[in-house]
Amino acid sequence: MRTAVPWPSGPATDVENSELQSLALPHVAKLHAYTPGLQPTEPGWTKLNTNECPYPPSPRVAEAVRREVGESGASLRLYPNPTSGLLRAAIAAHHGLQPANVCIGNGSDEILNLLMRCFCRPDRSAGFMLPSYSLYPVLVGVQDGASTVIPFDRSMKLPLDAMIASGSRVFFLTSPNAPTGVAFANADIEAILARFDGILVVDEAYAPFARENAVGLLARHPRLVVVRTFSKAYALAGIRVGYALAHPDVIGLLDRVRDSYNVSRLSQAAALAALGDTAYHANVVVRVCRTRDHYLKVLGDVGWFTYPSQANFLFTEPRNARGETGPEVAKSAYDYLCAHKVLVRHFPSHALTAPFLRISVGTDDEMLVLWQNLQSWQTHA
Ligand SMILES: *Cc1c(COP(=O)(O)O)cnc(C)c1O
């Protein structure tokens, strides 16, 4: 005989909700979850909204995953290597570092979370720029931590003095920045490190598409942490692997607060294979950058201001037929694209981002669909 269903099959009432929620820690009860970009499941969308790679990963990845699963899948009975040992060593070698300088995470989002766990709480603030990666405030919230938010102005130049004066224990700098694509010079990063006594995390999710990166600074700066991901330039967003490069003492802290089996066998195998196929990776990066630079010029030619991107997306300010820009104009372009099954990203909640659209660089075919739709929007708007 069936007993009562363990939870209501219909929508929970407010009363039930508040009773359960009052059992949670107060800061958890009032959290707002991160808003991920839409992931439509029906076919026919041109999906340029979450900065995924438009090209597939190296064919070696599928081979490696098949090999790891084997004929029977029996290897999956066993836990993965708890330190992602082989991958750690390969990443260290790739960057000219030691395995003790590397911690592998379930996506770089996990690494960012582990850093918050180590360095942020109510009396130890985490700093970050606005606009930048919108996950940071969510992670601070989970920690019930304090934050120091340093605003950009429209120039998107780093306000070094304000960052240094932030008094935060840990500062998260996205470079190249999201959603603007603007990269910061190593000279700026060193200028911060010279006068800031906390941990400086440079979130380099898009660094493979950039001219410069901060890895070479690690040897001289023990308080620098560089965070990378396989999600963007290695086309492995679905496999969830990211990593931190840092001084062994910082890596030791991350290893203490992470789950012991945080990266699956399949993920370790996939990332290792992707890292090994350097020629394939280089080719993907070249193609994405070529398409990006072409459309940066196209948008400039029609008079749309676009930040000089060193990432795999463009942050552009749409201009309607009357030459107007602004939040409503951007919203109109976003809605028009959406109605024509082209998905990009609009960030309406901040004055500096609301007049812009963020467009992930797609294949040349996808970009043509995007551009034709933007042109017909402009003639109709
Ligand atoms: C995409 C992105 C990440 C997340 O990467 P995952 O490895 O997929 O978790 C981290 N930081 C920034 C700035 C990103 O844009």
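Quick note: the coordinates plus some simple rules give every number you see, no bench work behind them. Quick caveat, the model's predicted, so the values are computed rather than measured. So basically every Cβ, Gly included, is an ideal-geometry build from the backbone, and we count neighbours across all protein chains shown.
The helix-based estimate of mean residue ellipticity at 222 nm for the chain, built from -39,500 (n - 2.57) per DSSP H run of four or more residues and divided by its residue count, is -12000 deg cm²/dmol to the nearest 500. Counting other Cβ atoms within 10 Å, which trypsin sites (Lys or Arg not before Pro) in segment 296-367 have at most 15 and lie in a DSSP loop? Loop-located and lightly packed - Arg322, Lys341. Across segment 283-300, coupling constants 3J(HN,Hα) worked out from phi with the 6.51/-1.76/1.60 Karplus curve, θ = phi - 60°, read 5, 4, 5, 4, 5, 4, 5, 5, 5, 4, 5, 4, 6, 4, 6, 4, 5, x Hz, and Gly and Pro carry x. Counting only Cα atoms, segment 59-276 measures 58, 35, 29 Å along its principal axes, largest extent leading. Treating r as the C-beta distance of Leu368 and Asp335 and R0 as 22 Å, the FRET efficiency rounds to 0.60.
With the charge dipole of segment 59-276 set up from +1 on Lys and Arg Cβ and -1 on Asp and Glu Cβ about the Cα centre, the Cα lying farthest toward the positive end among the listed residues Val69, Ala178, Leu275 is that of Val69.
Reported to the nearest whole Å, the Cα centre-to-centre distance from segment 287-336 to segment 46-121 is 33. For the chain, modelled as a Gaussian network with Cα springs under 10 Å, which listed residue fluctuates most, Asp335, Asp255, Asp123? So, out of Asp335, Asp255, Asp123, the one fluctuating most is Asp123.
Between Phe184, Phe230, Phe347, the GNM of the chain built on Cα springs shorter than 10 angstrom shows Phe347 fluctuating the most.
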